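*Asks:* Dropping the structure in here first, questions after.
The values are calculated or read from the model by the stated rules, or taken from the named source; none is laboratory data. Computed from a predicted structure; not experimentally measured. A quick note on method: Cβ atoms are made from the backbone with ideal geometry, for glycine too, and the neighbour counts reach across all protein chains shown. Ligands, DNA and RNA are excluded from the accessible area calculation, which covers all protein heavy atoms including side chains. Shrake-Rupley method; radii C 1.70, N 1.55, O 1.52, S 1.80 Å.
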Amino acid sequence: MGIFAERLKEAMQQANITSAQLAKQTGIGRSSISQWLSSKYVAKHDKVTALATVLNVSPDWLLGTTDIATAATPEAVPIPVAVTPPPAVDSELMTLWEQLDTKQRAKLIKKARKLIAKSTEQPNAKQKKGKKKKKGKKRK
């Protein structure tokens, strides 16, 4: 097991936090945390910083570059932590996107912008149509 994985696991045990709780508090995916714990990958700097903040340890300690585990006080070193996870991109959409050439991608972006613009205009258009129908009805 790699030093990052060992220290991440140790810090989680010390903080009495599960990988699911860590994922929620950091905005990092549970699968990423699982891969780090199994030594498949080592987290990038921004993720290490977020993990260290939540676990109250030093990012350098997590990475194994120092033996000092204590984190700096929050007043001394403000560390931004992601509050919400980035939106997931549909895997089918990614597969389709990767198959397109540059010109086709530009067309798709243009079409997507038109769809978004159209969806924001529709509520107003429906209201106008509804008003016209009400005016045209005869009352008995």
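*Asks:* Between T53, T70, T95, which is open to solvent by 30 Å² or more (accessible area, probe 1.4 Å), within 30 Å of K111 (Cβ to Cβ) and either touching a strand residue (DSSP E or B) at 6+ places or on another chain (Cβ under 9 Å) or modelled with pLDDT of 75 or more (or both)?
*Replies:* Working: T53 fails: within 30 Å of K111 (Cβ to Cβ); T70 fails: within 30 Å of K111 (Cβ to Cβ).
From the options T53, T70, T95, the qualifying one is T95.
*Asks:* Give me the pairs: first residue in the range 40-51 and free of Cβ contacts under 8 Å to residues at least 40 places away in the same chain and of a type in the set (V, I, T), second residue loosely packed, with under 12 Cβ neighbours inside 10 Å and in a helix (DSSP H, G or I), beta-carbon distance under 9 Å, and six or more apart or on different chains, which are they?
*Replies:* Pairs that qualify, where the first residue is free of Cβ contacts under 8 Å to residues at least 40 places away in the same chain and of a type in the set (V, I, T) and the partner is loosely packed, with under 12 Cβ neighbours inside 10 Å and in a helix (DSSP H, G or I): there are none.
*Asks:* Out of the residues in the range 18-46 that are crowded, with 20+ Cβ neighbours inside 10 Å and outside any loop (DSSP other than H, G, I, E, B), which is nearest to the chain's Cα centre (by Cα)? Working first, answer last.
*Replies:* Taking the range 18-46 as the starting set, the residues that turn out to be crowded, with 20+ Cβ neighbours inside 10 Å are 22, 26, 28, 33, 36, 43.
This time we only want the ones that are outside any loop (DSSP other than H, G, I, E, B), so: 22, 26, 33, 36.
On the way: L22: 13, T26: 9, I33: 13, W36: 17 Å.
Filtering first and then ranking leaves T26.
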